[in-house]
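Worksheet for the structure shown next.
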Amino acid sequence: MTAVLAPVSTDGSFDPLAHKDDLDAFRAEVRAWLEDVVPADWHDRMRGASEADYVAFQRWWFAEMGKVGLATPHWPRDWGGADIGIRHQIIIFEEIARAQAPNPDLFVISLYHLPATLFGHGSQAQRDRYLTGVKERGEVWCQGFSEPGAGSDLASLRTRAERKGDVYVINGQKVWSSYGAFADYCLLLARTNPDAPKKQQGISYFILDMKATGVTVRPIRQATGQAEFCEVFLDNVEIPVADLIGEENAGWTIAQSTLSAERGLIIFELSERMARTLDADLAEAKRTDAAWLKDDQLRREFTKAYSDMIALRLMIRAMMEEVEADPHTVSPTMPTYIKVHFSELLRRYTDFRVRLAGLDGQIKAPIVFGGGHQTGNVMHDFVLSYAWTISGGANEILKTVIAERALGLPR
Ligand SMILES: Cc1cc2nc3c(=O)[nH]c(=O)nc-3n(C[C@H](O)[C@H](O)[C@H](O)COP(=O)(O)OP(=O)(O)OC[C@H]3O[C@@H](n4cnc5c(N)ncnc54)[C@H](O)[C@@H]3O)c2cc1C
């Protein structure tokens, strides 16, 4: 593990952002940096890794990306980002996929959900403290929205927050908090007004210090064998009033900003990785003259997946370009449609790969931690694909949203 953790890009020889006015030079610099920094054997090192090694590797990768400004390039310049545009982001994700670089799983809430929340709704003091904490100290965040009995119907959440002087006292339980066991802080929704006329109106949004007295975290082992999720029990936990985000009882509206993060850049990166997998699978099948190339049904399935993948990438690019030009003109259902399309394609394609692998694909094999859906362990990748049809809003619910709001079908 120690060799992987040795810092590599400290001598200033790479500075992709210095070339951002010339897209070809920018791409060349990102590519050269990735070739230098991504350990060729990282998949082997993370295969069946211990939790401690996985977390250390994630922290190392985040720090390396941070040194060249590629951990938070999508953040505005005032908050430590590079303020780069969509074309740069496309290049970064294409090159990351090409290099098969690690997924910075542990930092996903820190990098996307936290800024999506604080940029629009946080106080200056909160942005200064917590965005700097991510960028400079690699602080890990988790999200405490779901509860037993309040997942799809999130507005029914029952965790209670009662103001007592300068603090809110929190009691309740959260569930499915990804990476909660490693998190320093949590984006927490709790009910401040149980008597509000609508349940959405009585919810507030807090920053929870995961080390506060009364916070108990219990990991949940899931179908893949990983324990990414946690239950979080909150027993008379005190949160300072300064850590309320926005106004009291305005949490529901703010939460929509947090959730929108799951349907933008995160899926953009994942779709680039998926595209690379399909291209690599096709090239390998041609190179080895694989039997499935002669099977009409399998060829049809692959071609359908491939064309869906092209459509997905085009949709995401079009949406990101629209957001860049004017965020107010983007159809509110477009991110929802992209999430449904991506997750269903991922399910179908990982299923296809399991069937291609035959019995060999069904042997229980160690997981490559941080390998996303391209670990090479096809059964793991398939089982994990279910995550995306549920997280960020179950697809059944999102399809209802599309039917009612985009297509105007009767309720
Ligand atoms: C990989 C992953 C990561 C996650 N990370 C987090 C996290 O970090 N923080 C967090 O707070 N939560 C997280 N979640 C939880 C996630 O937000 C919930 O699982 C999701 O909102 C669904 O809620 P539920 O699990 O309670 O299922 P339920 O709401 O009980 O739904 C169960 C099933 O019933 C269907 N259903 C429910 N209501 C309806 C309806 N009205 N019409 C049609 N079908 C319906 C659903 O579509 C689903 O198929 C994560 C989940 C996953 C899978």
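Sub-7 Å Cβ pairs linking a first residue in region 268-287 that is of a type in the set (Ser, Thr, Tyr) to a second residue that is surrounded by 15 or more Cβ atoms within 10 Å (Cβ to Cβ), at least 6 apart or interchain, are Ser271/Leu312; Ser271/Arg313; Ser271/Ile316; Ser271/Phe342; Thr277/Gln374, ordered by first then second residue.
Of everything listed in (1) surrounded by fewer than 21 Cβ atoms within 10 Å (Cβ to Cβ); (2) modelled with pLDDT of 95 or more; (3) more than 9 Å from the ligand (Cβ to nearest atom), the single unmet condition for Ala183 is (1). Scanning region 94-125 for residues that are part of a helix (DSSP H, G or I) and within 26 Å of Asp24 (Cβ to Cβ) gives Glu94, Glu95, Ile96, Ala97, Arg98, Ala99. Checked against (1) of a type outside the set (D, E, K, R); (2) within 16 Å of the ligand (Cβ to nearest atom); (3) surrounded by fewer than 17 Cβ atoms within 10 Å (Cβ to Cβ), Pro104 meets all criteria but (3). Among the residues making up region 144-180, those that are near the ligand (Cβ under 9 Å from one of its atoms) and aliphatic (A, V, I, L, M) are Ala150, Leu154, Val175. For Val167, state whether it is in contact with a Ser or Thr (Cβ under 7 Å, 6 or more places away or on another chain) and either β-branched (Val, Ile, Thr) or over 20 Å from Ile109 (Cα atoms) (or both). In short, no. For Ala394, state whether it is over 25 Å from Ser50 (Cβ atoms), small (Gly, Ala, Ser), within 14 Å of the ligand (Cβ to nearest atom) and within 17 Å of the chain's Cα centre (by Cα). Criteria met by Ala394.
Thr350 meets each of the listed conditions (1) more than 26 Å from the chain's Cα centre (by Cα); (2) buried (at least 17 other Cβ atoms within 10 Å of the Cβ); (3) closer than 15 Å to Asp381 by Cβ apart from (1).
Per-residue answers, yes or no, for (1) more than 23 Å from the chain's Cα centre (by Cα); (2) modelled with pLDDT under 95:
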{"position": "Ala285", "(1), (2)": "yes, no"}
{"position": "Ala311", "(1), (2)": "no, no"}
{"position": "Arg317", "(1), (2)": "no, yes"}
{"position": "Leu346", "(1), (2)": "no, no"}
{"position": "Gly358", "(1), (2)": "yes, yes"}
{"position": "Gln362", "(1), (2)": "yes, yes"}
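The values are calculated or read from the model by the stated rules, or taken from the named source; none is laboratory data. Everything numeric in this text was worked out from a predicted model, so none of it was measured. When we count neighbours, we look across all protein chains shown, and the Cβ atoms used for this are built from the backbone with ideal geometry, even at glycine.
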